[in-house]
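See structure below.
Bear in mind these aren't lab numbers, they're just calculated from the coordinates by the rules spelled out. Just so we're clear, the structure is a prediction, and the values are computed from it rather than from any experiment. As a convention, Cβ positions derive from the backbone with ideal geometry for all residues, glycine included, and neighbour counts pool all protein chains shown.
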């Protein structure tokens with residue numbers, strides 16, 4: 001066995017740790033025609049989009065209870081999805097209580113479909 | 001054009017694969033929960049159970065009489081009104097919609113077996129089998145609740161199965177035990193599951 005094999009360089013060692021390898025693989029998957037959509041990859045935003053794909057319209061409170069999150073967290077992530085055009089919301093009043101109802105836009109549904117294809121491709125690649 | 005499969009295969013680690021599988025499971029679970037009808041009223045169920053106990057006490061053992069049938073039909077009407085009001089109140093309290101595909105699916109699953117119960121009631125009465133109606137009602141209601149429960153919170157289908165079991169037993173048991181089965185089903189099961197739903201699913 002050669003010297004290089006017995007004493008691998010720090011550079012080589014870094015690139016083969018599980019964490020680095022995972023990061024490198026994810027970076028590779030971020031490129032190309034089916035690049036990972038980071039916007040819906042985040043867990044709470046993925047939850048919002050998934051819930052709205054199953055249920056045509058959901059109120060802010062329903063989403064909050066379903067995803068077990070806080071008002072602040074949900075509004076921040078819902079706003080990001082709104083800015084990206086993935087979800088849209090209608091604001092009305094039920095009596096004196098403000099009511100925000102979200103629904104998925106066609107762009108949001110396409111983004112979720114693409115994300116599902118991406119995840120399935122990774123799983124099939126391992127089989 | 002290079003596919004994800006071709007692009008990723010040489011270097012994919014089991015961790016990335018696990019991560020993708022977890023994400024898919026999360027999406028599936030979230031979609032399943034989002035499609036549930038959650039405005040099932042626990043406290044309404046308790047009230048319906050109390051109505052059934054009252055009807056059992058007033059009507060007594062099953063008999064082929066108009067009075068016995070009338071008491072139970074009136075109770076069923078009161079229970080439906082109670083249930084509808086309780087659903088509306090719970091939906092309003094939690095800001096839940098009472099229209100849309102989820103509610104439609106739940107209603108479409110619930111209603112056919114209840115329609116069958118109406119037809120069978122007429123047939124049983126016509127052939128002098130009124131005393132055997134408890135088994136028929138428990139089975140039909142159980143079937144309705146079980147199928148509706150497929151689109152609702154977890155305890156609902158279990159309640160439906162319990163009703164079906166009681167209905168089957170009611171047909172095996174002597175006809176004059178029918179009021180005990182009515183009390184056990186429409187009374188005790190409604191109260192028991194009503195409390196479970198009220199405690200765990202917001203009223």
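Details
- B:50, B:138, B:69 arranged by Cβ crowding within 10 Å, fewest neighbours leading: B:50, B:69, B:138
- Legend: mean number of C-beta atoms from other chains within 10 angstrom of residue C-beta atoms, peptide A:62-69, equals 3.
- Mean Cα-pair separation over length for region B:129-182, i.e. relative contact order, pairs under 8 Å, 6 or more apart, %: 45
- Residue order, fewest to most beta carbons within 10 Å, for B:163, B:26: B:26, B:163
- Adding -39500 (n - 2.57) for every DSSP H run of four residues or longer, then dividing by how many residues chain B holds, sets the calculated 222 nm ellipticity at -24500 deg cm²/dmol.
- Potential lengthening of the chain between residue B:89 and residue B:32 amounts to 18.1 nm, from the contour at 0.36 nm per residue minus the alpha-carbon distance.
- Average other protein chain Cβ within 10 Å of Cβ, residues A:114-122: 5
- The C-alpha atoms of chain B define a longest principal axis, and helix B:133-149 lies at about 20 degrees to it.
- Highest-first arrangement of B:42-48, B:111-117, A:67-73, where packing means the average Cβ count within 10 Å: B:42-48, B:111-117, A:67-73
- Averaged over B:27-39, number of beta-carbon atoms from partner chains that fall within 10 Å: 5
- Taking the number of Cβ atoms within 10 Å of each Cβ as an exposure proxy, the fewest-first ranking of B:99, B:147 is B:99, B:147.
- Extension gain for residue B:180-residue B:192 works out to 2.7 nm (0.36 nm per residue, less the C-alpha to C-alpha distance).
- Contact order relative to length of region B:69-188, as percent, for alpha carbon pairs under 8 angstrom and 6 or more apart: 22
- Angle between chain B longest axis and helix B:42-59 axis [Cα atoms, degrees, rounded to 10]: 20
- Estimated FRET transfer efficiency when R0 is 41 angstrom, pair residue B:111-residue B:65 (beta carbons, to 0.05): 0.90
- Chain B - percent relative contact order, Cα under 8 Å, separation 6 or more: 31
- Computed from Cα positions, the angle between helix B:14-34 and the longest principal axis of chain B comes to roughly 30 degrees.
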